[in-house]
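A.B. asks: There's a structure below that I have some questions on.
Coordinate-derived values only; no laboratory data. Note that the structure is predicted; figures quoted are calculated from it, not measured. All Cβ positions, glycine included, derive from the backbone under ideal geometry; neighbour counts span all protein chains shown.
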Amino acid sequence: MYEESKQRAIKHGYIRYENYLGYNGEVYVKNKKIWIHNIEALKHELGYTNDNNLIELGYNVDDYYRYNV
């Protein structure tokens, strides 16, 4: 699942950056927004229940639902 998500991110114009805080030490960014691999796992990890919290942190929730559902 993670490898497939990485390929979708690249396909849709996201660029890989090394980042020790990111999942597996990397993040994918496009237009200053961060790709989400698994929204439920991310919300759980951060202690959030609302998509708006992720938007405020710079995650691209719209692209998650557009390309991952």
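A.B. asks: About the Cα centre, and with charges only on the beta carbon of Lys, Arg (+1) and Asp, Glu (-1), how big is the dipole of the chain? Nearest 20 debye, please.
C.D. replies: It comes to approximately 280 debye.
A.B. asks: Read through the labelled values (1) 12.4; (2) 12.0; (3) 17.1 and report the label of the one computed as Kirkwood radius over Cα pairs in Å from the structure.
C.D. replies: The value matching this structure is (2).
A.B. asks: If you stretched the chain out fully between ASN38 and ILE10, how much longer would it get, using 0.36 nm times the residue separation minus the C-alpha to C-alpha distance?
C.D. replies: Extending this stretch completely gives an extra 8.5 nm.
A.B. asks: May I pose another question? Using per-residue counts of other Cβ atoms within 10 Å, averaged over each peptide, order 10-17, 37-44 from highest down.
C.D. replies: For the peptides 10-17, 37-44, the packing ranking is 37-44, 10-17.
A.B. asks: Length gain on complete extension for the stretch TYR2 to VAL61, per 0.36 nm per residue less the alpha carbon to alpha carbon distance?
C.D. replies: 19.6 nm
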